[in-house]
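Enquirer: Provided herewith is a single structure, encoded as structure tokens, for subsequent inquiry.
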Amino acid sequence: MAFNRTLITAALPYANGPVHIGHLAGVYIPADIYARYLRLKGKEVMFVCGSDEHGVPVTIRARKEGITTQQVVDRYHELIKRSFAEFGVSFDIYSRTTSPTHHQFAADYFRKMYEDGQFVEETSEQFYDPETGHFLTDRNIRGECPRCHSLGAYGDQCEKCGATLSPDELINPYNAETGNPLAKKATKHWYLPLDQYQAWLEDWILNNHKEWRPNVYGQCKSWLDGGLKPRAVTRDLDWGIPVPVEGAEGKVLYVWFDAPIGYISNTIELCRQQPEKYGDWQKWWKDKDTRMIHFIGKDNIVFHCIVFPAMLKAQGYNLPDNVPSNEFLNLEGDKISTSRNWAVWLNEYLDDFPGKQDVLRYVLTANAPETKDNDFTWADFQARNNNELVAIYGNFINRALVLTGKYFEGRVPACGEMTDYDKEVIAQITSYKSQIESLLDAFRFRDAQKEAMNLARIGNKYLADTEPWKLAKTDMNRTSTVLHIALQIAANLAIAFEPFLPFSSEKLKNMLQLGATIGWNELGRMDILPEGQQLGEVSLLFEKIEDSAIKHQLDRLERIKTENEAAAKAEALKNWRPEPVKEPTTIDDFDKMDIRVATVLECTNVKKSDRLLQFKLDDGMGGRTILSGIAQSYPDPSVLIGKQVLFIANFPPRKMMGIESQGMILSAVDADGRLIVVTPSSPAHPGAAVG
């Protein structure tokens, strides 16, 4: 179906911290590429986003910092908005969910669904902190994982073993912010009955949107196969949009219900600001000639493909035509984590690499996690800049323009008689429009950018093969033709790369003196630059990134890694609980264990084992050798020499790694997992029995 206009939405970033490269690669760069591409084609486009400013995490940050929640969201909204603008993300509007327009519209949306009987009311027992008086969200509840027994698992997931959890499954749940133990308390809420939309969603998604990306389609199918259940749309919080019905005092709209409505309220805000350009907001949300595309990360698939469509369906709004969702981007082999500060933050990147927005855009698109999780490394960032942007694209542009300045006073030379090779190159160039276009239409941005770079490779090879700097010594007519063709390729590159590298394309257009009206339709033409046109001032399109700049970033990450390891140990110690007491036993069982004191004479690592230490002991009975699996807790085993230890003397000998072990040394498992040798509190004679 052909559409007159396209509404593009990008997932609302949470105003609890800056934007990082995972957000950029997953959502904002792909969305911006698509919006720029459609605008270049002359299509009617609206690109909408804004800050998501409600929910518990912002209130926690506010309490930690001793400031108001509004101050927190104000700070990060402005930081995110400014970073996006500097980075070249071309939103038509970037607003926020604390705006008066959004508060009013979201409340009205809830009230209309409530009055239409589209919610169900339920009372349930939920986790509550009696000391603070707050109900808690899943993410703000922690406890022991029931699967791997890791301490500090979240109420929705254990980050150590990856298990998906619910708060009811956690062992000894507690408030993640305060450490307080939790209780259950009855509370009333309104729910969206997703089960009533099950059959419609199955038909709409599974039968009519098989073209969606496999990760999106597969996750939706998994949810539908599991059977949909009612989902709460309200929460017991003091920060958010108050529930606008009687009997809902102290309750606000749940952030997942409130946030996607922000796409609509931001559209309303933009249409009120620029009615002559965008018209009435309802044409963007209810007119069937409008196509809606949601760009999201994979953690938002269920909200944008199941929950929000049910909300839209209930009120007669348009539904998304496609929901391109990327997988996750890792950083230097580790999962990006806001809480651990393991990220490359956009605002810091802009400070550290001024004028290099397009380098990051290029690298993140080249390594986009479109079909699987991918990894960002600073080494790859440097290599792609130096070996591709500089050595291929930038090198071609610089040679073509500098040679034109040298031999033709900076004017586009005439195109004379062409060779078969010239015609072959031109044929390749003219075919690229359809190739890149088909990939962009299918949201395959990584491959589309790769084809744009292949266009630069053709140009680079063309100059290397024809060698106009040598031709100029004997044949200026041929030199003129070669540089004419090279400049036309350069003009094509300015267009082809504009959705991906807007700053570089603008710079190249200025150097070529291309008009502002040059658009996508000109791509593939070899007469974009007229003969005799004066070129602008030539400068390098890209610059090399030195090793020192990369080392600075890697050193920073190493410091963060060290800090995280220390914090993890501190967290483990804080949440440590002794293991449960074993089943009852008797003194008779204990008496069977012959536990004695010995002095360590020698202690060394066992060859070819990273676990075992070999002890030679003075046991008062002629000495003995015992192997113990505590090597990882004692990197320098010599620290144990001269110490006294307790050992079980009457275990039968056992061979390990070809060495006979004559007993077992007693050790305790500490809170951080270290095995600590048990020693007597006062010196004792070797061989003294413990009783």
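The values are calculated or read from the model by the stated rules, or taken from the named source; none is laboratory data. Bear in mind that the values here come from a model prediction, so they are computed numbers and not experimental data. Heads up, the Cβs are rebuilt from the backbone with ideal geometry, glycines too, and the neighbour counts pull from every protein chain shown. Each accessible area value is taken on the protein alone, full model and side chains, heavy atoms only, with ligands, DNA and RNA left out. Shrake-Rupley method; radii C 1.70, N 1.55, O 1.52, S 1.80 Å.
Enquirer: Excluding same-chain residues fewer than 8 positions from Lys221, which aspartates and glutamates have a Cα within less than 16 Å of its Cα?
Expert: Asp195, Glu202, Asp203, Glu211, Asp299
Enquirer: Can you work out the PRE-style zone for Asp195? Point 7 Å along Cα to Cβ, and I want the residues of the stretch 214-234 with backbone N under 14 Å.
Expert: So the set is 226-232.
Enquirer: How many nm is it between the label spots at Asp138 and Asp334, if each spot is 7 Å from the Cα in line with the beta carbon?
Expert: With each label point 7 Å from Cα toward Cβ, the separation is 2.6 nm.
Enquirer: How big is the dipole moment of the stretch 124-182 about its Cα centre under a simple scheme where the beta carbon of each Lys and Arg is +1, that of each Asp and Glu is -1, and everything else is neutral? Debye, nearest 20, please.
Expert: Numbers: 4 positive and 10 negative charges, 47 e Å.
Here the stretch 124-182 has a charge dipole of around 220 debye.
Enquirer: Charges on Cβ only, +1 for Lys and Arg, -1 for Asp and Glu, centred on the Cα centroid of the stretch 46-191; of Tyr109, Thr97, Val120, which one is farthest towards the dipole's positive end?
Expert: Thr97
Enquirer: Further question on the same structure: For a protection proxy built on the mean count of beta-carbon atoms within 10 angstrom, sort 284-295, 376-387, 117-128, 299-310 highest first, please.
Expert: Values: 284-295: 19.1, 376-387: 17.5, 117-128: 14.7, 299-310: 21.2.
Highest to lowest by the protection proxy: 299-310, 284-295, 376-387, 117-128.
Enquirer: Stretched out fully, how many nm does the piece from Lys112 to Asp636 gain, at 0.36 nm a residue minus the Cα gap?
Expert: Working it through step by step, the gained length comes to 181.7 nm.
Enquirer: Related question: With r as the distance between the Cβ atoms of Lys160 and Asp555 and R0 = 30 Å, compute the FRET efficiency 1/(1 + (r/R0)^6) and round to 0.05.
Expert: Details: r = 27 Å, r/R0 = 0.91.
My answer for the efficiency is 0.65.
Enquirer: May I ask which of Lys298/Lys335; Lys160/Lys582; Lys64/Lys561; Lys616/Lys655 have a Cα-Cα span longer than 20 Å here?
Expert: Details: Lys298/Lys335 14 Å; Lys160/Lys582 26 Å; Lys64/Lys561 23 Å; Lys616/Lys655 15 Å.
Beyond 20 Å: Lys160/Lys582; Lys64/Lys561.
Enquirer: Express in whole angstrom the spacing between the alpha-carbon centres of the stretch 333-381 and the stretch 477-496.
Expert: If you average the Cα positions of each part, the centres end up 33 Å apart.
Enquirer: Between rounded, prolate and oblate, where does the stretch 644-691 land on the alpha carbon gyration tensor, with a ≥ b ≥ c its root eigenvalues, rounded for a/c under 1.5, else prolate if a/b exceeds b/c? Mind dumping the intermediate values first?
Expert: Details: a/c = 2.50, a/b = 1.13, b/c = 2.20.
Note, shape of the stretch 644-691 comes out oblate.
Enquirer: Now for a separate question. Provide the descending list of Cα extents for the stretch 109-211 along its principal axes, expressed in whole angstroms.
Expert: Computed over the stretch 109-211, the largest-to-smallest principal extents equal 45, 36, 18 Å.
Enquirer: Whole angstrom only: what separates the Cα centroid of the stretch 1-52 from the Cα centroid of the stretch 243-306?
Expert: Answer, in whole Å: 14.
Enquirer: Between (i) 108, 60, 38; (ii) 107, 77, 64; (iii) 104, 76, 47, which matches Cα extents along the principal axes in Å calculated for the structure shown?
Expert: Matching entry in (i) 108, 60, 38; (ii) 107, 77, 64; (iii) 104, 76, 47: (iii).
Enquirer: Another question, if that's okay. Just order 247-256, 157-166 by mean Cβ neighbour count inside 10 Å, highest at the front, would you? Please report the intermediate quantities before stating the final value.
Expert: On the way: 247-256: 18.0, 157-166: 14.3.
Answer by packing, highest mean first, reads 247-256, 157-166.
Enquirer: While we're here: So what is the accessible area of the stretch 179-323 per residue, in Å², with the probe set to 1.4 Å? Please list the in-between numbers first.
Expert: Details: 5770 Å² over 145 residues.
For the stretch 179-323, the per-residue accessible area is 40 Å².
Enquirer: For Glu571 and Asp287 in one chain, what is 0.36 nm times their gap in residues minus the Cα-Cα distance, to one decimal in nm?
Expert: Working: separation 284, 0.36 × 284 = 102.24 nm, distance 5.30 nm.
Result for the pair: 96.9 nm of gain on full extension.
Enquirer: Let me ask you something else. Looking at His209, Ser150, Asn347, which one has the Cα that reaches farthest to the positive end of the dipole of the chain (charges on Cβ: Lys, Arg +1; Asp, Glu -1)?
Expert: Asn347
Enquirer: In the chain, what cysteines have no partner Cβ closer than 4.7 Å?
Expert: Lone cysteines by the Cβ rule: Cys49, Cys220, Cys271, Cys305, Cys415, Cys603.
Enquirer: Next question. Calculate, in nm to one decimal, what Asp591 and Arg272 gain on full extension: separation in residues at 0.36 nm each, minus their alpha carbon distance. Mind dumping the intermediate values first?
Expert: On the way: separation 319, 0.36 × 319 = 114.84 nm, distance 8.57 nm.
Roughly 106.3 nm would be gained on extension.
Enquirer: Okay, moving on. Given labels modelled 7 Å from the Cα in the Cβ direction, how far is it in nm from Glu563 to Asn207?
Expert: The modelled label-to-label distance comes out at 5.5 nm.
Enquirer: So, one more: Compute the Kirkwood hydrodynamic radius of the stretch 126-180, taking the inverse of the mean of 1/r over all pairs of distinct Cα atoms, and give it in Å to one decimal. Show your work: numbers first, answer last.
Expert: Details: mean 1/r = 0.0928 Å⁻¹.
For the stretch 126-180, inverting the mean 1/r across all distinct Cα pairs yields 10.8 Å.
Enquirer: Okay, next question. May I ask you to work out the translational diffusion coefficient for the stretch 379-524 at 25 °C, viscosity 0.890 mPa s, via Stokes-Einstein with Rh from the Kirkwood sum over Cα pairs, reported in whole µm²/s? List each step's numbers first, then the result.
Expert: Details: Rh = 15.7 Å.
Translational D for this selection: 157 µm²/s.
Enquirer: Run the quick spin-label model on Asp375 and Glu125: label points 7 Å from Cα toward the beta carbon, then report their separation in nm to one decimal.
Expert: 4.6 nm
Enquirer: Carbon and sulfur: what percent of the chain's accessible surface (1.4 Å probe)? Working shown, then result.
Expert: Working: 15580 of 31430 Å².
The computed percentage sits at 50.
Enquirer: Could you calculate the FRET efficiency of Phe353 with Lys544 from 1/(1 + (r/R0)^6), where r is the beta carbon distance between them and R0 is 22 Å, rounded to 0.05?
Expert: Working: r = 12 Å, r/R0 = 0.56.
Plugging the Cβ-Cβ distance into 1/(1 + (r/R0)^6) gives 0.95.
Enquirer: Compute the separation of the alpha-carbon centres of the stretch 407-466 and the stretch 154-186 and state it in Å as a whole number.
Expert: Measuring centre to centre over Cα atoms gives 57 Å.
Enquirer: Would you please name the GluC sites (Glu not before Pro) within the stretch 537-597 that are DSSP coil residues with at most 11 other C-beta atoms within 10 Å of their C-beta? Walk me through the intermediate numbers first.
Expert: On the way: sites: Glu537, Glu543, Glu546, Glu558, Glu563, Glu565, Glu571; in loops: Glu537, Glu543, Glu546.
Passing both the DSSP loop test and the Cβ count: Glu537, Glu546.
Enquirer: Under 18 Å Cα to Cα from Lys450, which lysines show up? Leave out anything in the same chain fewer than 8 places away.
Expert: Lys372, Lys433, Lys461
Enquirer: Next up: Given the rule -39500 (n - 2.57) for each run of at least 4 DSSP H residues, summed and divided by the residues of the chain, what is its mean residue ellipticity at 222 nm, to the nearest 500 deg cm²/dmol? Show your work: numbers first, answer last.
Expert: Numbers: 21 runs with 259 residues, N = 691.
It comes out at -11500 deg cm²/dmol, rounded to the nearest 500.
Enquirer: With the contact rule set at Cα under 8 Å and sequence spacing of 6 or more, what percent relative contact order holds for the stretch 392-460? Numbers along the way, then the final one.
Expert: Working: 33 pairs, mean separation 29.8, N = 69.
RCO, the stretch 392-460: 43 percent.
Enquirer: Specify, per residue and in Å³, the volume enclosed by the convex hull of the alpha carbon atoms belonging to the stretch 174-279. It would help to have the intermediate numbers written out before the result.
Expert: Numbers: hull volume 22.6 nm³, N = 106.
Hull volume over Cα atoms, normalised by residue count, gives 213 Å³.
Enquirer: Can you work out the FRET efficiency for the pair Arg75 and Gln428, with r the C-beta to C-beta distance and R0 = 35 Å, to the nearest 0.05?
Expert: Details: r = 51 Å, r/R0 = 1.45.
Calculated transfer efficiency: 0.10.
Enquirer: What are the ³J(HN,Hα) values, in whole Hz, obtained from phi via the Karplus relation 6.51 cos²θ - 1.76 cosθ + 1.60 with θ = phi - 60°, for each residue of the stretch 73-87 in sequence order, with x given for Gly and Pro?
Expert: Result, rounded to whole Hz: 5, 4, 4, 7, 4, 5, 5, 5, 4, 5, 5, 4, 5, 5, 7.
Enquirer: Mind putting a number on the dipole of the chain about its Cα centre? Charges go on the C-beta only, +1 for Lys and Arg and -1 for Asp and Glu, and I need it in Debye to the nearest 20. Intermediate results must be reported in sequence, preceding the final value.
Expert: Details: 78 positive and 93 negative charges, 177 e Å.
Computed charge dipole of the chain: roughly 840 debye.
Enquirer: Which parts of the stretch 643-682 would a label at Asp610 reach, counting a residue when its backbone N lies under 19 Å from a point 7 Å out along Cα-to-Cβ?
Expert: From the stretch 643-682, the list is 657, 673-675.
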